[in-house]
Amino acid sequence: MNRYTYLSRTADDSRTTSCLDRLVDDVDIDRLLDDFVFEPNCWDLASAIGIGVDPERDPQALDELADAMRVWCEGPELERLTDEAVERVWDDELAGMVREGIVRLGTKEGWEAGAADALADFDRDPPSSEVAREVVRHLAMQLGSADQPFFFCLDCLEYAISHTPPQERRALALRAAILGARNAAVPDDELRAALADVLSEAPAVRLATVTRREAIRSRLGRIGRLGERSMPLLAAELRTIAAEPLPECAEDDDVWQAACAHLLEQEARPAMN
């Protein structure tokens with residue numbers, strides 16, 4: 001059985017979208033588009049090839065890289081995480097799909113030169129080629145997008161925090177606790193049982209363990225480390241939260257309360273997941 005499939009419709013390139021959203025208001029978009037000549041790079045190729053993640057293997061193999069993509073991490077840290085991720089997921093099946101995708105794009109108008117260059121680079125050493133690395137990053141980006149509610153936005157939190165007094169920033173940063181919810185690894189049957197017995201004991205108390213609460217804070221700390229340059233204010237708040245002593249009681253742990261509320265909402269409203 002194949003691990004990977006092609007996406008029926010490639011997701012929008014969120015990196016490009018984010019950049020466009022930040023254009024200043026007085027830019028003449030029509031003039032820019034008239035002068036624009038499309039020269040696809042390897043990220044464009046990876047996005048257009050559109051390989052979907054392997055739900056069984058990729059979440060573990062691409063976990064940290066997914067967070068790096070989520071916070072626009074760049075430079076040596078991104079390269080290191082990409083090296084490790086490629087080593088974990090690369091195999092003959094993925095190599096074949098990448099090469100097939102490059103060849104397919106090379107038949108489309110406007111993609112010929114970029115595809116030809118990428119194919120030559122790929123054939124020299126497939127796993128170290130730039131297009132292969134971007135494909136793996138694209139897989140990681142898909143995982144990052146699937147790990148959060150549709151309208152959740154770390155960039156938006158960074159912007160909000162930049163316009164908030166320092167003493168109020170932690171409350172905004174706490175909204176990112178939902179990203180650590182899955183790290184608590186609370187089984188569905190426990191969530192259902194907690195919801196069914198809500199009158200006897202608060203679900204957040206019933207479900208709390210030290211291990212689960214620490215796992216959430218650890219995830220927030222990692223996001224804060226990876227986003228140190230791209231989202232400095234939010235990242236600083238997340239690192240501070242991660243470094244705090246764990247509250248003795250779950251009732252006093254606002255990080256756990258936020259993450260647990262998200263888990264319970266997902267279980268109670270499955271149609272919205």
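Values quoted throughout were computed directly from the atomic coordinates according to the rules given, and no laboratory measurement underlies them. On a predicted model such as this, the values are computed, not experimentally measured, just so you know. With ideal geometry, Cβ positions are generated from the backbone for all residues, glycine too; neighbour counts draw on all protein chains shown.
Quick look at the numbers
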| item | result |
| --- | --- |
| Longest segment of the chain lacking chymotrypsin sites (Phe, Trp or Tyr not before Pro) that sit in a DSSP loop with at most 13 other Cβ atoms within 10 Å | 152-273 |
| Trypsin sites (Lys or Arg not before Pro) restricted to DSSP loop in segment 211-270 with at most 14 other C-beta within 10 Å | Arg229 |
| Segment 136-224: GluC sites (Glu not before Pro) in DSSP coil with no more than 11 other Cβ atoms inside 10 Å | Glu201 |
| Magnitude of the charge dipole, the chain, Cβ model with Lys/Arg +1 and Asp/Glu -1, debye to 20 | 640 |
| Interatomic Cα distance distribution for segment 138-190, bins of 5 angstrom, percent | 4, 16, 22, 20, 17, 12, 7, 2, 0 |
| Amide H within-cut-off set for Ile51, under 5 Å, with H built and near neighbours excluded | Leu7 |
| Solvent-free Debye scattering, log10 I(q)/I(0), computed from the Cα coordinates of the chain at q = 0.08, 0.09, 0.15 Å⁻¹ | -0.40, -0.51, -1.16 |
| Calculated [θ] (222 nm, deg cm²/dmol) that DSSP helices of n ≥ 4 give over the chain, each run adding -39,500 (n - 2.57) | -18000 deg cm²/dmol |
